[in-house]
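Worksheet: one structure, shown below.
The values are calculated or read from the model by the stated rules, or taken from the named source; none is laboratory data. Note that the coordinates shown come from a computational prediction; the quantities given were computed from them, not determined experimentally. Every residue, glycine among them, receives a Cβ derived from its backbone with ideal geometry; neighbour counts consider all protein chains shown. Accessible surface is based on the protein model in full, side chains and every heavy atom, while ligands, DNA and RNA are left aside. Shrake-Rupley method; radii C 1.70, N 1.55, O 1.52, S 1.80 Å.
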Amino acid sequence: MLRVSRVPPGDPTIEQYVGQNRFECLTCPYHFVINKRYYERKYLKKKEVEDILGGKGAWDNVDKTEDAEQPCAMQCPNEKCRNDQAYWYQLQIRSADEPMTAFYKCTKCAKEWRE
């Protein structure tokens, strides 16, 4: 990897370039005086949140919570829905000593939330 630095005074072979920028290698004596503008533009593709937390197939083959009569039913947090069934899966998104995070998706209104 080359580093950009200023040409120092004292070397008679490059005395005319003193004060200009140059590329220099930190492990060998290579250096290259920059005498024109260099640039490179890269467009990076940002990851979607869904790519990080399971991807497109995250909700394929997931479990469903029990019926409303069962004690472990989850209620949808959507005020207009309040359905008692949801699809769910778990991911370890924190360190190993933390509990897994459960992701839920309502079977009626498709609202997603996590606990």
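Rolling a 1.4 Å probe over the protein heavy atoms leaves residue 63 with an accessible area of roughly 90 Å². Within a straight-line Cα-Cα reach of under 19 Å, residue 45 can be paired with the following lysines, leaving aside sequence neighbours fewer than 8 residues apart in one chain: 56.
Put simply, the amide H of residue 86, placed in the peptide plane, has neighbours under 5 Å in 65, 74, 107, leaving out anything fewer than 5 places away on its chain.
Applied to region 36-45, the Karplus parametrisation 6.51 cos²θ - 1.76 cosθ + 1.60 on θ = phi - 60° returns per-residue 3J(HN,Hα) values of 8, 7, 10, 7, 8, 10, 10, 9, 8, 7 Hz, with x for Gly and Pro. Between residue 80 and residue 100, the FRET efficiency estimated from the beta carbon spacing at R0 = 30 angstrom works out to 0.55. What FRET efficiency, computed as 1/(1 + (r/R0)^6) with R0 = 35 Å and r the Cβ-Cβ distance, is obtained for residue 66 and residue 45, rounded to the nearest 0.05? Rounded to the nearest 0.05, the efficiency is 0.30.
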